[in-house]
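Supplied in C-alpha cells, the structure appears directly below.
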Amino acid sequence: RYPTDPLVATAVGTDYGVLDLDAARRWGYGWDPAKSLAARPKGRRMTDAEYADFPACNADADRQLMRGIDLKRNWLYAGTRAIEVDKAVKQDPRLRAAWAVWSRCMTAQGFPRYPDPVAAYTDTAWQRDSDGNTRHTQRERATAVADVTCKRRHHTAELWHATRAQQQTVDIARHRDRYAAGLEALRTYRATVAGVLRKLG
C-alpha cells in the first residue's frame with residue numbers, strides 16, 4: 001500500500017449513463033457511500049524508503065511485462081480507435097434523433113433540455129466529491145429517475161448500443177490487421193504475466 005491513501009476519482013454507471021431505476025431513485029447519479037467502488041489494497045503500507053524506490057521499481061516491472069510489445073503501434077491501438085469510433089457514434093443521425101426524443105421526454109417531465117444522457121449524468125449541479133460520488137439531492141434523484149424512465153420508454157440505450165456495435169464492426173473490418181496485432185500484443189502480455197505468476201508460485 002502507498003504510505004497514504006491517494007484520492008480516487010471514480011466514474012460510475014454504464015457507457016449509456018444510469019440505467020437502474022431503483023438505484024436512480026435512491027442515489028441519483030451517484031452510489032451508496034457505504035459501498036466504496038475503489039478497491040483498496042490490503043497489507044502493510046510502504047515505508048518512505050520503499051516508496052522512494054517505487055517509481056524505478058514500477059518502471060522496471062513495466063519494461064519486463066511489456067517485453068516484445070510495440071506499445072504505441074499495437075498495445076494502445078484499440079483504445080485509440082475507441083475514441084474515433086465514439087466520435088462517429090455521436091455523429092450518427094439515428095443516435096442523434098434518439099437523443100432528441102429522449103431530450104424532449106425529459107423536458108416534458110419538467111427537467112432541463114439536456115442534449116444527451118451524458119450531459120444529464122455529468123451535470124455540475126450534482127456536485128461530485130473527489131471520489132466521483134454525488135450529493136443525492138432530491139432534484140438529482142428526480143432527474144435520474146426521469147432519465148431512466150425516458151431511456152426505457154424510447155429504447156435510448158438499446159439504440160445507442162446498436163449504433164456503437166455497428167460502428168465498431170465497421171472499424172474492425174477496415175483495420176483488421178491492426179486489431180489483430182493488438183490482440184497478439186494482449187496475448188503476449190498475458191503469457192508474460194502468467195509466467196511471472198508461475199515463478200512466484
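The values are calculated or read from the model by the stated rules, or taken from the named source; none is laboratory data. The model shown is predicted, which means the values in this text are computed figures rather than measured ones. We place every Cβ from the backbone using ideal geometry, glycine too, and count neighbours over all the protein chains shown. Side chains are part of the model used for accessible areas, which takes the heavy atoms of the whole protein and leaves out ligands, DNA and RNA. Shrake-Rupley method; radii C 1.70, N 1.55, O 1.52, S 1.80 Å.
Can you tell which of Asn58, Asn133, Asn74 shows the greatest fluctuation in a Gaussian network model of the chain with Cα springs below 10 Å?
Its mean-square fluctuation being the largest, the pick is Asn58.
Count neighbours as other Cβ atoms within 10 Å of each site's Cβ, and list the chymotrypsin sites (Phe, Trp or Tyr not before Pro) in segment 21-90 that are DSSP loop with at most 13 such neighbours.
When the chymotrypsin sites (Phe, Trp or Tyr not before Pro) of segment 21-90 are filtered for loop state and at most 13 Cβ neighbours within 10 Å, nothing remains.
By how many degrees, 0 to 90 and rounded to 10, does the Cα axis of helix 48-65 deviate from the longest principal axis of the chain?
The angle comes out at about 90 degrees.
Moving to a separate point now. Could I have the simple spin-label model distance between Ala82 and Gln138, label points 7 Å from Cα toward Cβ, reported in nm to one decimal?
Each label point is offset 7 Å from its Cα along the Cβ direction, giving 3.9 nm.
Continuing with the same structure: At 1.4 Å probe size, with every protein chain present, just tell me what the per residue accessible area of segment 104-201 comes to in Å².
Value returned for segment 104-201: 61 Å² of accessible area per residue.
Now for a different question. May I ask you to give the percent of accessible area on the chain that is carbon plus sulfur, with a probe radius of 1.4 Å?
Answer for the chain: carbon and sulfur cover 56 percent of the accessible area.
Ignoring ligands and nucleic acids, what accessible area does Thr124 show with a 1.4 Å probe (Å², nearest 10)?
120 Å²
What does the accessible area of His155 come to, in Å² to the nearest 10, when a probe of 1.4 Å is used?
100 Å²
Right, next: Applying 1/(1 + (r/R0)^6) with R0 = 45 Å to the Cβ-Cβ distance of Lys199 and Asp22, what FRET efficiency is obtained, to the nearest 0.05?
That gives a FRET efficiency of 0.45.
Further question: What does the helix-only formula give at 222 nm for the chain: each DSSP H stretch with n ≥ 4 adding -39500 (n - 2.57), the total divided by the residues, and the result rounded to the nearest 500 deg cm²/dmol?
After summing the helix terms and dividing by residue count, I get -20000 deg cm²/dmol.
What's the percent breakdown of Cα-Cα distances in the chain across 5 Å bins, shortest bin first?
Reading upward from the zero bin: 1, 7, 11, 12, 12, 13, 13, 12, 10, 6, 3, 1, 0.
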